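For reference, the structure is listed below as structure tokens.
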Amino acid sequence: MFILASNSPRRKELMHEICSSFLVVPADVDEKKLSVPSPLDSVHIIARAKGEKIHKEYPNDIVISADTIVVYNNQLIGKPKSEEKAYQTLTLLSDKTHEVITSYCIFYKDKLIQKEVISFVTMNPLSKSLIQDYIATKSPLDKAGAYGVQDNDKFPIVKSVKGSIKNVIGFPTDEIIESLKELKLL
């Protein structure tokens, strides 16, 4: 059985591209305690901790965990804690390019694959009114970087994505499928 170690609605939706039947078991880990100064090390540690926790409970199943971060100028840009912080973040990223990095893990019995996927996102120049209208939807408040590329139809935030767009959503399914094939699990 496949187990998604995440409560993210976007990951749940994308998991259907990997398999039609799976169990969702959120991994409750204290990400702040696991954070280290290096954003790249941090995303790897958190993704692995989520998967390890669920793998201990389900050692004979295929557990997939992931963590996604937004990095600009070597600075980690997390989920905004307020509308004001979302406004500051979107203003900072306006008309600039940043990285979206997802680290994912696949645990199966005594095997572990951990990889990262990096995409480069260039934002449109964002007007004050566009940012305010977007924040009013509350959508930016639960997303790293204060935006969701999937919101682009209604709010033209993102100019371009170089790399996996699914990675920007938070779950690089094509790369995960390749890793599952490497393990002969698909």
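If residue 92 satisfies all but one of (1) among the aliphatic types (A, V, I, L, M); (2) more than 18 Å from residue 15 (Cα to Cα); (3) not in a helix (DSSP H, G or I), what's the number of the condition it fails?
Here residue 92 meets the rest and fails (3).
Can you tell me which residue among 147, 104, 134, 87 is touching a residue at least 24 places away in the same chain (Cβ under 8 Å), over 24 Å from residue 164 (Cα atoms) and surrounded by 15 or more Cβ atoms within 10 Å (Cβ to Cβ)?
Among 147, 104, 134, 87, only 87 is touching a residue at least 24 places away in the same chain (Cβ under 8 Å), over 24 Å from residue 164 (Cα atoms) and surrounded by 15 or more Cβ atoms within 10 Å (Cβ to Cβ).
Please give the number of the condition residue 36 fails out of (1) among the β-branched types (Val, Ile, Thr); (2) free of Cβ contacts under 8 Å to residues at least 12 places away in the same chain; (3) under 15 Å from residue 143 (Cβ atoms).
(3)
I'm checking my understanding of the structure. Among residues of the stretch 159-174 that are touching a strand residue (DSSP E or B) at 6+ places or on another chain (Cβ under 8 Å) and hydroxyl-bearing (Ser, Thr, Tyr), which one is nearest to residue 122 (Cα to Cα)? Show your work before the answer.
The first filter runs over the stretch 159-174 and keeps only residues touching a strand residue (DSSP E or B) at 6+ places or on another chain (Cβ under 8 Å), leaving 159-165, 167-168, 170-172.
Filter again for hydroxyl-bearing (Ser, Thr, Tyr), leaving 160, 164.
Details: 160: 5, 164: 13 Å.
Filtering first and then ranking leaves 160.
Taking the stated definitions as given, is residue 109 surrounded by fewer than 18 Cβ atoms within 10 Å (Cβ to Cβ) and within 25 Å of residue 52 (Cα to Cα)?
When the stated conditions are applied, residue 109 passes them.
Do you know which residues across the stretch 13-60 are within 22 Å of residue 169 (Cα to Cα), in a helix (DSSP H, G or I) and touching a strand residue (DSSP E or B) at 6+ places or on another chain (Cβ under 6 Å)?
15, 39, 43, 44, 46, 47, 48, 50, 51
Is it the case, given these coordinates, that residue 18 is modelled with pLDDT under 95, buried (at least 18 other Cβ atoms within 10 Å of the Cβ) and within 18 Å of the chain's Cα centre (by Cα)?
The answer is no for residue 18.
Condition (residue is within 17 Å of residue 85 (Cβ to Cβ), assigned to a helix (DSSP H, G or I) and of a type in the set (A, V, I, L, M)) applied to the stretch 120-129: is it met by at least one residue?
No: the stretch 120-129 contains no residue that is within 17 Å of residue 85 (Cβ to Cβ), assigned to a helix (DSSP H, G or I) and of a type in the set (A, V, I, L, M).
The values are calculated or read from the model by the stated rules, or taken from the named source; none is laboratory data. Computed from a predicted structure; not experimentally measured. A quick note on method: Cβ atoms are made from the backbone with ideal geometry, for glycine too, and the neighbour counts reach across all protein chains shown.
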